[in-house]
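Written out below as structure tokens is the structure these notes cover.
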Amino acid sequence: AQKITQTQPGMFVQEKEAVTLDCTYDTSDPSYGLFWYKQPSSGEMIFLIYQGSYDQQNATEGRYSLNFQKARKSANLVISASQLGDSAMYFCAMRGGNTGKLIFGQGTTLQVKP
Amino acid sequence: DAGVTQSPTHLIKTRGQHVTLRCSPISGHKSVSWYQQVLGQGPQFIFQYYEKEERGRGNFPDRFSARQFPNYSSELNVNALLLGDSALYLCASSLTGNSPLHFGNGTRLTVT
């Protein structure tokens, strides 16, 4: 069975500093994709970054990067130069095989302090 | 281009009633998925439709049903509402069945 685990219910970071949000996963599929989404209090799920299981390099999108360690089955999100607008809930998700279904973790609430 | 649009944004229903939630995907996206997000938890997969055919179903009772129309918009129907159906219902669209999902703002359903 596929599973996503986010062990940090809440995180604090000082504005302009970097922060790492942890995500571990479990799957028996050789082909899978890992996603990070941001959910502000408004409720919308905003796609941030994607990492495919066969990608050789870690994904980066602007201030977001994904620290993909396949052997450890981890896909941590790194946010550099945190901004106040980064305060939100962050979800790690996985899609396995040929399905379009996403499995989400429990989420991590990030609060950026001025 | 408009993103994924969902209607209504908020809804209050009574136990036993039924509800229909609507979703319009991003133009050109042929796949629509529905997720239920209970407060404090991650979204749970309900359905996926691609090219008007059901491609996946999550672990939800038969009270939940959905369909996708020729214009790729979709409806989620829930019958015989229970208090536990209170949640944020998220619709997502993607270009294909395996492309990244783009979510709408959701419909917040409250069952009293």
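The values are calculated or read from the model by the stated rules, or taken from the named source; none is laboratory data. Predicted model, so just to flag it, every value in this text is computed and none were measured. Please note: Cβ atoms are built from the backbone with ideal geometry, for glycine as well, and neighbour counts cover all protein chains shown. Remember, those area values only see protein heavy atoms, side chains included, never the ligands or the DNA or RNA. Shrake-Rupley method; radii C 1.70, N 1.55, O 1.52, S 1.80 Å.
Of note:
- Most positive-pole-ward Cα, B:107, A:68, A:94, against dipole of the protein assembly as shown from beta carbon charges: B:107
- Lysines with Cα under 22 Å of residue B:52, excluding same-chain neighbours fewer than 8 positions away: A:101, B:30
- Within the straight-line cut-off of under 15 Å between alpha carbons, the aspartates and glutamates reachable from residue A:3 are A:22, A:26, A:29, sequence neighbours fewer than 8 places apart in one chain being disregarded.
- The Cα center of region B:20-61 and the Cα center of region B:66-94 differ in position by 7 Å.
- Size of charge dipole - chain B - debye, nearest 20, with Cβ of Lys, Arg +1 and Asp, Glu -1, no other charges: 200
- Between A and B, accessible area buried - total, square angstrom, nearest 100, 1.4 angstrom probe: 1500
- Protein-protein interface of region B:78-112, residues with accessible area decrease of at least 50 Å², isolated chain reference, 1.4 Å probe: B:98, B:100, B:101, B:103, B:105
- Accessible surface, the protein assembly as shown, averaged per residue in Å² (probe 1.4 Å): 48
- Between residue A:5 and residue A:42, residue separation times 0.36 nm minus the direct Cα-Cα distance comes to 10.9 nm.
- Here region B:1-90 exposes an accessible surface that is 47 percent carbon and sulfur, computed with a 1.4 Å probe and the other protein chains kept in place.
- Cα shape, region A:10-87, gyration tensor, a/c 1.5 rule: prolate
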